[in-house]
Amino acid sequence: MRKFKSIMILVILVILLTSIFQIAQGANKVLNIALATGPWNPSVEYLFDMYSKETGTEFKLTKSPYMDHYRKMVQAMMRGSKDYDMIIFDPAQYGSIFFENKLLTPLKEISPALEIPSAVIEPHVKTGIYHDVLYSLPIVGNTQLLFYRKDLLDDAGLPMPETVEDLITINKKLYNPPKMYGYLIPMKQNYDVIYNTLYFVKSAGGDIFATEDGPDWTIKFTSPESVKAYEAWFALKEWSTPDSANMHWSEENNYLATQRSWGGSTVAAWVWAHDDPKYTQIPGKMQYTVTPRVAPGIGKSAPILGTWGMGIPKEATNKELALDFMEWTLTKEAQSAYAKVGGIAVREDVLTDPELLSDPKNRWFPALLESSRLGQLRPQMEHWMEVQDILVPYIHKAFTDEISLKEALNKSAELVEKLLDEEGYQHGPTVLVK
């Protein structure tokens with residue numbers, strides 16, 4: 001009897017210890033994720049659900065509008081918060097603030113053997129690298145594309161546009177306001193004034209600074225190449241809509257969806273809208289290619305990356321689990337499933353998959369792949385937001401003819417140079433527009 005009791009006590013202890021272990025293990029299988037609200041959220045959350053079913057991991061999400069998300073993340077990480085195991089953020093726009101201030105964990109500190117699959121498109125990976133240290137992995141391969149009505153161009157005997165001259169030719173042929181406007185020029189006064197003009201600037205051989213990531217921060221937005229690009233952009237407003245100075249992507253896509261423009265360049269995240277009959281009058285008629293260029297320039301398109309990345313806060317408590325999820329999202333299986341539900345994939349072998357390409361709704365994949373391969377970075381500097389705070393209002397005033405382009409660029413250059421000096425950035429002499 002005593003022996004039986006001893007065995008029973010031992011069995012009970014084993015059951016209790018197993019339960020305690022499972023509870024502890026389950027507690028560790030919770031990932032607290034912070035992300036901004038955006039059109040890609042449903043496909044990203046599909047990945048959370050898929051991983052959860054495979055591993056039992058629970059995801060707790062904190063969602064905020066774009067700028068609120070940015071501010072919350074900076075504030076939380078600056079005070080050493082342990083609230084988040086992973087953040088999904090915009091590394092090309094403000095990642096340098098996190099990287100420079102060591103607010104995110106270098107991923108190879110968590111896993112020295114970490115290897116990114118070779119199929120992941122390199123420019124997207126570059127958005128998460130700062131001074132040769134990998135801080136984030138891409139999850140949303142967002143980038144700029146030219147959205148255009150191929151059927152209208154075909155009917156008019158016009159080829160797909162590649163250069164500014166092509167845009168002007170099409171504009172002259174199809175412009176018939178208010179029924180039909182030309183190439184759309186979204187210039188609402190926000191940070192996207194820079195994002196929306198930079199693909200022109202870079203394709204012309206210009207730039208904001210001499211380098212994307214230092215150490216030479218000599219101002220280049222006043223160079224002859226940059227000036228030519230801004231002039232080309234401004235010249236196109238003749239055929240754009242009367243509200244171009246207040247137009248953002250939602251308004252731009254509305255003009256396209258209601259058949260009031262033949263085309264415009266915007267982010268790939270808006271592709272979904274042009275196959276959805278609840279949104280567009282012409283589902284399935286929009287076609288896609290890389291952004292147009294200023295010729296001769298660098299001789300190729302220069303789309304600006306809008307990649308969203310996954311990073312792990314310095315004080316996160318579940319770093320290994322977070323990184324496991326991040327690596328899993330880059331597998332071909334996960335990326336293929338993600339693409340099937342509208343996700344903007346970052347693997348070449350997914351964007352070239354014959355099965356996926358056989359679906360007409362994925363007709364934009366070749367343009368996405370080419371645009372991603374050509375993808376350009378914005379300046380990877382801690383004070384990029386402050387630089388934009390200077391540039392945006394002046395370029396917008398020039399666009400609305402309140403001041404000349406020369407005055408806008410030169411005044412911006414004086415103020416940006418002052419900022420560079422105050423913050424200790426190395427740079428050569430600034431050459432103003434003559």
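Quick look at the values:
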{"quantity": "Of all residues in region 173-194 being in contact (Cβ under 8 Å) with a residue 60 or more places away in the chain and basic (Lys, Arg), the one that is farthest from TYR130 (Cα to Cα)", "calculated": "LYS179"}
{"quantity": "Boolean, ASP213 is touching a residue at least 24 places away in the same chain (Cβ under 8 Å) and closer than 25 Å to GLN426 by Cα", "calculated": "yes"}
{"quantity": "Matching residues in region 336-390 - criterion: being aliphatic (A, V, I, L, M), under 22 Å from VAL416 (Cα atoms) and over 16 Å from the mean Cα position of the chain (by Cα)", "calculated": "MET381, VAL387, ILE390"}
{"quantity": "Residues located in region 200-211, provided they are surrounded by fewer than 22 Cβ atoms within 10 Å (Cβ to Cβ) and of a type in the set (Gly, Ala, Ser)", "calculated": "GLY205, ALA210"}
{"quantity": "Residue ID - nearest to ILE33 (Cα to Cα), chosen from residues in region 43-85 that are part of a loop (DSSP other than H, G, I, E, B) and small (Gly, Ala, Ser)", "calculated": "SER81"}
{"quantity": "In region 90-107, the residues that are part of a strand (DSSP E or B) and under 17 Å from PRO379 (Cα atoms)", "calculated": "none"}
{"quantity": "Pairs, first outside the structural domain of LYS202 (by TED's automatic domain parsing) in region 267-291, second buried (at least 17 other Cβ atoms within 10 Å of the Cβ), C-beta under 7 Å, six or more apart", "calculated": "none"}
{"quantity": "Check on THR197, crowded, with 19+ Cβ neighbours inside 10 Å, touching a residue at least 60 places away in the same chain (Cβ under 8 Å) and in a loop (DSSP other than H, G, I, E, B)", "calculated": "no"}
{"quantity": "Unmet requirement for LYS3, which otherwise passes all of (1) modelled with pLDDT of 95 or more; (2) in a helix (DSSP H, G or I)", "calculated": "(1)"}
{"quantity": "Within region 335-387, considering residues that are among the charged types (D, E, K, R) and without any contact (Cβ under 8 Å) to a residue 60 or more places away in the chain, the one farthest from VAL133 (Cα to Cα)", "calculated": "ASP359"}
{"quantity": "Residue match in region 95-104 (condition: surrounded by fewer than 19 Cβ atoms within 10 Å (Cβ to Cβ), out of contact with any His (no Cβ under 9 Å at 6 or more places or on another chain) and either over 25 Å from GLU333 (Cβ atoms) or not basic (Lys, Arg) (or both))", "calculated": "yes"}
{"quantity": "Segments classed as helices (runs of 4 or more DSSP H), wholly inside region 321-434, with at least 3 members that are crowded, with 21+ Cβ neighbours inside 10 Å", "calculated": "332-340, 365-374, 384-399, 405-423"}
{"quantity": "Qualifying residues in region 67-82 (those that are surrounded by 15 or more Cβ atoms within 10 Å (Cβ to Cβ) and of a type outside the set (A, V, I, L, M, F, W, C)) - the one nearest to LEU104 (Cα to Cα)", "calculated": "SER81"}
{"quantity": "When residues of region 213-248 are limited to those that are within 20 Å of the chain's Cα centre (by Cα) and at pLDDT 95 or above, the one surrounded by the most Cβ atoms within 10 Å (Cβ to Cβ)", "calculated": "MET247"}
{"quantity": "The one condition in (1) touching an Asp or Glu at 6+ places or on another chain (Cβ under 7 Å); (2) under 21 Å from LEU368 (Cβ atoms); (3) outside the structural domain of ASP192 (by TED's automatic domain parsing) that LEU330 fails to fulfil", "calculated": "(1)"}
{"quantity": "Total residues in region 298-320, condition within 30 Å of LYS228 (Cβ to Cβ) and either at pLDDT below 95 or in a loop (DSSP other than H, G, I, E, B) (or both)", "calculated": "8"}
{"quantity": "All positions within region 249-288 that are of a type in the set (Asp, Glu) and buried (at least 21 other Cβ atoms within 10 Å of the Cβ)", "calculated": "GLU252"}
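Every residue, every condition in (1) under 17 Å from VAL125 (Cβ atoms); (2) of a type outside the set (D, E, K, R), yes or no:
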| site | (1), (2) |
| --- | --- |
| MET67 | no, yes |
| ARG71 | no, no |
| VAL74 | no, yes |
| SER81 | no, yes |
| GLY95 | yes, yes |
| GLU100 | no, no |
| LEU107 | yes, yes |
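The values are calculated or read from the model by the stated rules, or taken from the named source; none is laboratory data. Keep in mind that what you see is a predicted model, and the values were worked out from it rather than measured. Using ideal geometry, Cβ is built from the backbone for each residue, glycine included, and neighbour counts are taken over all protein chains shown.
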